[in-house]
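The structure appears below as C-alpha cells.
The values are calculated or read from the model by the stated rules, or taken from the named source; none is laboratory data. All figures in this text were calculated on a predicted structure; none of them were measured in a lab. For neighbour counting, all protein chains shown are included, and Cβ atoms are generated from backbone atoms with ideal geometry for every residue, glycine included.
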C-alpha cells in the first residue's frame, strides 16, 4: 500500500502568518484596554489642592469641564466657585450621584463641575464654613459619570472582542489548513480519455 504524499507546511493555505495576525489582534486589544484603564485612573484626581477659604489662581480649560473635589463627605453648604480676571463669578454646579477617586492614599469625592465661558486664568475658592473646617479641596478635571462608565465598558469589552476575533481566526485557519492538507495528500483523480 502506497503512502500518501506529505504536504509541506509552506504549501498549505491559508498561511501560518494568520496565527501571528490573531496573536497581534489579541495583544493590541489587551494593550488598548490597559491604556484606557491607566488613563481612567491616572490624572483623575485634583491637579491642585487647597483648604477651605483659601484662593488659588490657575489656568482652567472650558472643555472638558473642570470640577471641585473634597475629602471626606464634604458638606451640603459647599458652594465653590471660580472668578475670572474681569471679576465675574462662576458658581460650581453640584453633581448628581457620587463619584469617588483615590489618589496617593487620599479619597476624593467629586463635588461639583464648573461651566466656564472660555479657557483662561481663574481664581478658585470654596468658602470656609463651620461644617468644612477640616476638609481639603481640589480642582481638576474629574471624569464625567457617562465617560467613566463608557471607559469601564471599553476596558472589559475590547479584550473580549480581541479574544473572540483571534479565536475565530485561529479556528478558521486551522480547519482550512487541515482541509487543504487532505486535498494535497489525496491521490490524483484519473482522467479517462474519450
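Remarks
- Taking segment 128-165 as the range and being modelled with pLDDT under 90 and in contact with a helix residue (DSSP H, G or I) (Cβ under 6 Å, 6 or more places away or on another chain) as the test, the residues that pass are 151, 154, 155.
- Filtering segment 53-82 to residues that are modelled with pLDDT of 90 or more, touching a strand residue (DSSP E or B) at 6+ places or on another chain (Cβ under 6 Å), assigned to a loop (DSSP other than H, G, I, E, B) and more than 15 Å from residue 135 (Cα to Cα) leaves only 66.
- The lone exception for residue 21 - which of (1) without any contact (Cβ under 8 Å) to a residue 60 or more places away in the chain; (2) under 16 Å from residue 159 (Cα atoms); (3) over 23 Å from the mean Cα position of the chain (by Cα) it fails: (1)
- Taking the criterion of being modelled with pLDDT of 90 or more and over 12 Å from residue 65 (Cα atoms), the residues of segment 83-120 that qualify are 83, 84, 85, 86, 87, 88, 89, 90, 91, 120.
- Annotation note: Cβ proximity below 6 Å between a residue of segment 112-130 that is not assigned by TED's automatic domain parsing to the domain that holds residue 79 and a residue that is modelled with pLDDT under 95 and not in a loop (DSSP other than H, G, I, E, B) (sequence gap 6+ or interchain) occurs for no pair.
- For residue 189, the conditions (1) outside any helix (DSSP H, G or I); (2) more than 23 Å from residue 71 (Cβ to Cβ); (3) modelled with pLDDT of 85 or more are fulfilled apart from (3).
- For segment 96-127, the tally of residues that are touching a helix residue (DSSP H, G or I) at 6+ places or on another chain (Cβ under 9 Å), assigned to a loop (DSSP other than H, G, I, E, B) and under 16 Å from residue 45 (Cα atoms) stands at 1.
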